[in-house]
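One structure is given below, encoded as structure tokens.
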Amino acid sequence: MNFKMKALVAGVALGFSMSAMAADPIKIGVTGPFTGGSAPMGVSMRDGVKLAVQEINAKGGVLGRQLQMVERDDEAKPERGVQIAQELINKERVAATVGYINTTVALASQRFYQNAKIPVMNNVATGSVITKQFANTPENYVFRNSANDTIQSAMIVEEAVTRRGFKKIAILADSTSYGQLGREDLEKALEKKGIKAVTIEKYNLKDVDMTPQLLKAKQAGADVVLTYGIGPELAQIANGMEKLNWKVPMIGSWTLAMANFIDNAGKNAEGTRMPQTFIQDADNPRRKSFIDAYTKAYSPPNGRMPSAVSAAQGYDSIYLLAAAMKQAGSTEGPKVKAALENLNEKVEGVVTTYNKPYSKDDHEAINFENTRFGEVRGGRVVLAK
């Protein structure tokens with residue numbers, strides 16, 4: 001083979017090699033609880049992410065490359081979340097990760113992304129401290145597009161005290177970081193109204209009898225119960241109140257919208273209220289398209305998403321990351337982070353249209369303006385009136 005032919009073959013081989021490199025997918029970690037009590041949130045989030053990835057890939061992907069989900073079930077366990085974070089960073093070489101349903105898991109795991117300078121987008125977990133965990137460092141790689149507990153607790157207290165006039169407040173919160181940090185936020189919000197709860201009760205995950213906590217609240221004369229927990233135990237609270245023939249309203253964090261609360265509580269769930277960033281209501285074309293795509297792809301029972309908020313925020317988180325990568329012209333962590341902090345184009349999501357959602361000092365995309373109250377009616381969450 002002469003020199004020219006060798007050069008031609010080498011050039012073709014190099015071209016194929018570079019083409020293959022250019023076409024390598026962009027790996028996005030997707031981590032959440034896909035089994036256990038938090039699964040309705042985790043599975044809904046993952047399915048929302050999957051829809052966004054499919055849509056973006058059908059239009060050519062990002063920077064000429066396809067997005068590839070790398071899914072991991074963290075089982076709502078901090079130790080599992082830590083293991084997954086290291087695997088996604090060191091073995092899978094993800095460009096970013098979305099997810100975290102449970103505040104405890106997020107706080108244990110996201111430090112690995114911080115150290116690796118890889119953006120992590122909390123699309124469900126709401127603990128107020130999450131985006132502040134590394135706020136005092138020069139560069140913060142932790143972002144969020146869910147309504148944090150500072151927002152939710154203020155809304156819950158405003159609804160209970162100002163709008164509905166309740167004065168004797170009982171707080172029931174689970175023993176996880178999510179429940180206890182939320183409980184602290186509720187107490188702070190009540191303090192601003194000059195009110196102290198008549199009783200504050202704690203319970204554990206998988207508790208099936210809330211009678212002792214509910215009896216204390218009833219005997220203290222509580223006229224409303226404020227909650228911070230997840231679906232299965234929240235249902236035990238609602239059903240326990242029925243057993244005691246104690247009829248007072250339940251108002252709590254967004255998780256009162258979970259399918260495993262609504263279904264397990266049945267008629268006892270009626271009228272419960274909770275802050276929501278997204279309600280399964282096709283009230284604009286973008287939301288209708290998303291809801292139709294979700295129900296067609298996953299055929300949820302009775303057409304109801306297990307956790308509509310989780311699905312919508314999961315979906316939007318991918319569009320936010322894709323916009324940042326496109327603007328950065330890169331998947332390198334520092335460049336994507338910088339783009340997220342100064343997005344030039346509006347991102348039309350299903351929760352809201354994001355217009356410069358982040359800045360260097362503020363990594364929270366959701367505020368009071370795009371959070372509203374939902375209410376359980378007829379086994380579904382509807383907009384509260």
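Things to note:
- Helices (runs of 4 or more DSSP H) completely within the stretch 265-348 that count 2 or more residues being in contact with a strand residue (DSSP E or B) (Cβ under 8 Å, 6 or more places away or on another chain): 308-328, 333-340
- When T131, T97 are screened for being of a type in the set (S, T, Y) and in a helix (DSSP H, G or I), only T131 passes.
- When T104, T150, T137 are screened for being open to solvent by 10 Å² or more (accessible area, probe 1.4 Å) and touching a Pro at 6+ places or on another chain (Cβ under 8 Å), only T104 passes.
- Test: V53 is among the β-branched types (V, I, T), without any contact (Cβ under 8 Å) to a residue 40 or more places away in the chain and assigned to a helix (DSSP H, G or I): no
- Residue that is nearest to the chain's Cα centre (by Cα), among those in the stretch 258-310 that are among the acidic types (D, E) and surrounded by fewer than 16 Cβ atoms within 10 Å (Cβ to Cβ): D281
- Restricting the stretch 209-236 to residues that are open to solvent by less than 10 Å² (accessible area, probe 1.4 Å) and among the β-branched types (V, I, T) leaves a set whose member that is nearest to the chain's Cα centre (by Cα) is T227.
- Of the residues making up the stretch 187-207, one or more are within 23 Å of G37 (Cα to Cα) and surrounded by fewer than 14 Cβ atoms within 10 Å (Cβ to Cβ).
The values are calculated or read from the model by the stated rules, or taken from the named source; none is laboratory data. Not measured: the values here are computed from a predicted model. Every residue, glycine among them, receives a Cβ derived from its backbone with ideal geometry; neighbour counts consider all protein chains shown. Only protein heavy atoms, including side chains, enter the accessible area calculation; ligands, DNA and RNA are left aside. Shrake-Rupley method; radii C 1.70, N 1.55, O 1.52, S 1.80 Å.
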